[in-house]
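Each remark here refers to the structure printed beneath this line.
Laboratory data are not the source of any read-out in this text; all were calculated from the coordinates shown. The structure presented is a predicted model; accordingly, all values stated were derived computationally and were not measured. In this analysis, Cβ positions are derived from the backbone assuming ideal geometry, glycine residues included, and neighbour counts consider all displayed protein chains.
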Amino acid sequence: MRTLICFCCCALLLFGCNKSLQQNDLLTGRGALTGVSASAVAIPKSTGKKIFIHWMPWFETPASRGAWGYHWKMNTRNPDVIVNGKRQIAAYYYPKTGPYASGDPDIIEYQLLLMKYAGADGVFIDWPGTRQRYDYPDNLANSNALINKLGAVGLQFGIVHEDRNWDPGMATDAHGDFTYMQSNYFNQSNYLKTNNAPVVLNFGPITFHQPAEWDVILNGLNPRPKVIPLYGFTGQVGSNNAGGEFPWIYQDHPTVVNNYYAQAGSFPLSIGVVYPGFNSFYAAGGADGPTWQIPFNGTGTFSTMLDKALSSSVNIIQFATWNDYGEGTIIEPTDEYGYSFLTIMQQKLGVSYGQHELELVTRLYNARKQYAGNGSVQQQLNQVFTYLANLQTGSAENLLNTLGGSNPPPTGTGVLIKNKWLSTYLYEDNGQVKYSAGNSGNQYRWVQETVNGHIRFKNLATSHYLNIEHLYPYAESTDVPNTYYSSYWKLEGYNGNVRLKNEWQNTYLNVENQGGFAQCTAVPDFFESSQWILQN
């Protein structure tokens, strides 16, 4: 398990902990960073700084490893328990995809495309090393699965080495980590290098604190990498072995990061850091780790930290993190924050794409899952991926629409769904199904479809489906795979009207509470709040 380290006993700068990473291209006056893949079109943006995202490889599900991995459950949670439509996971935030396996090829495709459209140039991989212990081998396999997909997306990568995974006196064994990197990573065209030397971040050092130990670890490597330790730790790695320093997330926020930016120009390679806040689940999960917090302030902390990094002299900005749910530093889409961190990146980095393109990536992911096992459709989805990797978003969207996979545009004009009791009409508003006396606009119209023998209602304005997937107090209108019973409805007649019964929960769509939105609960059939008129 990875935790933040707080040197709170020292009168130092309170070096919290975690990771960070790198850049590429020209380091003004300080040498060239290289490592570019020509396999896909690079994302255009206005900033000249290189953007890397810190990624964790350690999530497992019963489908991937036969049981839920530690990082989804810690010591107090059971993801097999579902409450209000969500699995009970060891986190305060819930991934938009639900809990996943890091090595799932569909998840890897989804995550890398989202990173790209948010403005990323590469990924810093929190790398476990080669030791055969705990879940390290699984983490290594997941890391390699991601690395194998990077070239097709057109992203670079760098390793963030965890020397904590070795014990004192095992420098010779840790040398094996670097020979593995040399054989498998350093020779790849999209590996990050500075002056032709591979760049390896080190989250610490945690175990090896003497330059002589690092001399052993790096002995005989050709090309010899440059190790980038945490801010203030060059002395432990040795000036001949180190190539710069990077800051992380500190309890003394934002003082330490500000101090780093004041000195960034003195490092051969400087790497800034951006994070949304810090809200760890360790205490609630019965696990060891820091319990201090950095408030998110909505998206305010993230936005401020990104402004600081952009205005600094650093050459690389590391976003910490993509998916550390245990420490609550996630920027990937979640139910709580949606795409907000990624759209802020797009705006501030000068990316010419927005949330619509991010949603296209999600449509691709949903279609992958919806059509699992359908070889012909998967081949077409491979083409959608190629279009997205090469920024041909129009072609990707057209093909998705043609597939009928992830909510193609509805055909026909649909119906109005009018409540018998209140004489109001259902419409979609930002994922919620609300009602009003008006009925003007496609958001009020619903196209009835039959799939797998079941009835679904698709909103004419958004192509979203009427559903109760998350068991919220309100009915939803969102992108739901056509295999989900939460979007299946039975039409039952009553006194010349229709009742809409959800096939998953056997509850009825109604407006009984008059709360401004439709709900789906157990309601007697004679209640007019659950009776509807379908009007053309």
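Worth a mention:
- Only helices enter this figure: runs of n ≥ 4 DSSP H residues, each worth -39500 (n - 2.57), summed and divided by the residues of the chain, yield -8000 deg cm²/dmol at 222 nm to the nearest 500.
- Cα centroids of the range 57-101 and the range 217-288: 29 Å apart.
- Pairs of alpha carbons in the chain separated by more than 34 Å make up 42% of all such pairs.
- Sorted ascending by nearby beta carbons within 10 Å, beginning with the fewest, V81, V511 become V81, V511.
- From the largest down, the range 415-535 spans 31, 29, 25 angstrom on the principal axes of its Cα atoms.
- Relative contact order, percent, the chain [alpha-carbon distance under 8 Å, six or more residues apart]: 14
- Considering only Cα atoms, the convex hull volume of the range 340-396 works out to 73 Å³ per residue.
- Report note on the peptides 373-385, 244-256: ranked by the mean count of other C-beta atoms within 10 Å, highest first, their order is 244-256, 373-385.
- Inter-centroid distance (Cα atoms) of the range 104-148 relative to the range 456-507, Å: 36
- Translational diffusion of the range 73-168 was estimated from the Stokes-Einstein equation, with Rh taken as the Kirkwood radius over Cα pairs; at 4 °C and 1.567 mPa s the coefficient is 85 µm²/s.
- The range 100-245 shape via C-alpha gyration tensor axes, a/c threshold 1.5: prolate
- Cα-only Debye scattering, the range 122-176: base-10 log of I(q)/I(0) at q = 0.17, 0.23, 0.29 Å⁻¹: -0.58, -0.89, -1.16
- The range 178-263 shape via C-alpha gyration tensor axes, a/c threshold 1.5: prolate
- Charge dipole magnitude, Cβ of K and R +1, D and E -1 - the chain, Cα centre, debye nearest 20: 680
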